[in-house]
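Taking it in order: structure first as structure tokens, then the write-up.
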Amino acid sequence: MKKAYLPAAVVILIAAGFLGLFFGLSPLVEGQVQRGIQNIGISGDGISTQAAVDRVEFSPLSRTLTLYGLRLRGETPQGPLAYEVAEVSLRIPLRMLLAYTPLRSMVLKDVGMMPVAENIVVRNLALRTPEARGSVQREEIDELRSQSELVARFLDGAPIDALAATYLMSADKAHSFFLSVSIPGKEGLAQLTIKESLIKGWDGASVEHMRIDDMQSRLDGHESMRMASFEANGLTLPELGLLHRLMDAAAMSENDMDAAVKALGPIVEEILAADPPLVRQVRASGMTFAVENGSVTVGSVGFDWLSNSPRHTTSFIRDLAASKSLLEDASGLAMPALKANMTFESLGLSTASHKKTMSIKAEGLADVDCSFTLYDAGIISTSEQALLMQSFSDLHLAVKDHGALAWVGLNLSHDGRAAATALHQTLDKGLDLAPTPQNNAIRQALLTFVQRPGQLEAASAKGQRIGILQILAALNDPGALFTCTAVAGQKTLEEQINTLAAQTAKTSAPAEAAGK
């Protein structure tokens, strides 16, 4: 009879031991989490931090870990620093749970990146630095992964640099809600709010996609900018050592701005030269900028980093718009509403030269296309010296008039002949150029363009490098550096001004009647 009860007793003992171990995990997990948190910090010159948590609760049945009053506080050369989180809840994956037990070495051996938490919810994060205050109402992460070596350091209570740790972690998706940042300044309190942000494909130093929705900035309570959406693809953080050097150089600005600028230059250049680049693509849409007496809107802007070797980037601004009344109030001149599109391109030709291309198309005003090769000024002590040492070559500028000169004339007189004559005489007398065939050709091209606006082109000799000082020295002899040609338009400037004057009279009459 005794033998019949032996197996049952063994089972009961094993089950009791397992349950004891299982429920004994709570103090084991909670203790290791508290110890690990206390050893998280931020490294850097003159930075000292201390992390802590008020309470840790772990439920073995649901594998749910909840942290209350998580905080990191410290001192930087600029002043105190503090991160505080009211509550963090998450679920510990089974493999990670075993890492809290004596099986740790076996569980973490040669694992690499492993899930360490899932269904993460962060509530009420607050940030305070000497320069700013920030908050995040809620953040959700589907699954957080970490290199096993970082897991081991955390559970062993070894020191962990929070910045370095981000390079050893990953997540498929991180979703944040209701973010805000406040920065006091000389012009008042600047505030930035974001309704929602999303990060996808975070893997160490890289992020596949980032999106921000409904961003708004205010200055002293007045809205200064609103953006419907912002997206970035193919982000890559700088190498960790470079990032620390960047932070240290930026900290120098508190005591010596000139030294900080000199130190930052080479670091920024090294970061920009890295492959892959900081960001492959940026898009923003639905922007409104508050200005005095109104607002300026932009439909969309974009930036693409196409390659590093050679460095090749493009960017655009689409549907830039400002009302007629806003422009007239700001300038005191008669002007049309602004509707414009712009494109820009930069292509590296060597380590010290870049081909720049620009196109601006303003509806009802003009199309401007420009290209040139720009040469770096080198390491110069001041921005003023850099400007004087700047040089370019292979300039080509084309301006196609669609009414810009007629608006200039209209502000002189609504009488087309009087306005056109005044413009022609002013230009003719103002062109005090050396009597050379090249300068005469420039004079005739400019006078033709003013008399019958069409297309004007200017160019420099191919391969001729021109500096700012050369331009200043050749103000009365531009033909030594440039050529200029013009193609006359179909209508004279006088005709265009008269037509425009008639149109503005028709549109202003109803407005004046309504005002009475």
Task: Matching entry among Leu326, Leu374 (being touching a Phe, Trp or Tyr at 6+ places or on another chain (Cβ under 7 Å), open to solvent by less than 50 Å² (accessible area, probe 1.4 Å), modelled with pLDDT under 95 and outside any loop (DSSP other than H, G, I, E, B)) - done: Leu374
TODO: Just give me the residues in region 67-93 being in contact (Cβ under 8 Å) with a residue 60 or more places away in the chain and farther than 18 Å from Val122 by Cα, in sequence order.
DONE: Thr76, Pro77, Gln78
- [ ] Tell me which residues, restricted to region 130-153, are open to solvent by 40 Å² or more (accessible area, probe 1.4 Å) and within 24 Å of Ser89 (Cβ to Cβ).
- [x] Ser135, Gln137, Arg138, Glu139, Glu140, Asp142, Glu143, Arg145, Gln147, Arg153
Task: Residue check, Leu242 assigned to a strand (DSSP E or B), over 17 Å from the mean Cα position of the chain (by Cα), at pLDDT below 95 and among the aliphatic types (A, V, I, L, M) - done: no
Task: Options Leu338, Leu264: the member that is at pLDDT 95 or above, at negative phi and either more than 17 Å from the chain's Cα centre (by Cα) or open to solvent by less than 40 Å² (accessible area, probe 1.4 Å) (or both) - done: Leu338
Task: Qualifying residue in region 469-476 (condition: farther than 22 Å from Leu423 by Cβ, at pLDDT below 95 and open to solvent by less than 60 Å² (accessible area, probe 1.4 Å)) - done: yes
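Yes/no matrix, rows are residues, columns are (1) more than 30 Å from Asp142 (Cα to Cα); (2) open to solvent by 70 Å² or more (accessible area, probe 1.4 Å); (3) free of Cβ contacts under 8 Å to residues at least 24 places away in the same chain:
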site	(1), (2), (3)
Ile194	no, no, yes
His209	no, no, no
Phe230	no, no, no
Arg283	no, yes, no
Val296	yes, no, no
Ser300	yes, no, yes
Open item on the list: All but one of (1) open to solvent by 70 Å² or more (accessible area, probe 1.4 Å); (2) modelled with pLDDT of 80 or more hold for Met247; state the number of the condition that does not hold.
Closed with: (2)
Open item on the list: Test of understanding: among Ala480, Ala458, which residue is in contact (Cβ under 8 Å) with a residue 12 or more places away in the chain and farther than 25 Å from Thr357 by Cβ?
Closed with: Ala480
Task: Among (1) within 26 Å of Asp367 (Cβ to Cβ); (2) among the hydrophobic types (A, V, I, L, M, F, W, C); (3) open to solvent by 40 Å² or more (accessible area, probe 1.4 Å) - the single one Leu493 does not satisfy - done: (3)
Task: Subset of region 213-224 [of a type in the set (A, V, I, L, M, F, W, C) and open to solvent by less than 30 Å² (accessible area, probe 1.4 Å)] - done: Met215
Open item on the list: Step by step: first the residues of region 147-170, then only those that are part of a strand (DSSP E or B) and farther than 26 Å from Glu196 by Cβ, then the one that is nearest to the chain's Cα centre (by Cα). Which residue is that?
Closed with: Asp161
Task: Of all residues making up region 398-439, the number that are open to solvent by 40 Å² or more (accessible area, probe 1.4 Å), under 17 Å from Phe482 (Cα atoms) and out of contact with any helix residue (DSSP H, G or I) (no Cβ under 8 Å at 6 or more places or on another chain) - done: 2
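The values are calculated or read from the model by the stated rules, or taken from the named source; none is laboratory data. All values reported here derive from a predicted model rather than from experimental measurement. Ideal geometry is used to build each Cβ from the backbone, glycine not excepted, and the neighbour counts take in all protein chains shown. To get the accessible areas, we keep the full protein, side chains included, count just its heavy atoms, and leave off ligands, DNA and RNA. Shrake-Rupley method; radii C 1.70, N 1.55, O 1.52, S 1.80 Å.
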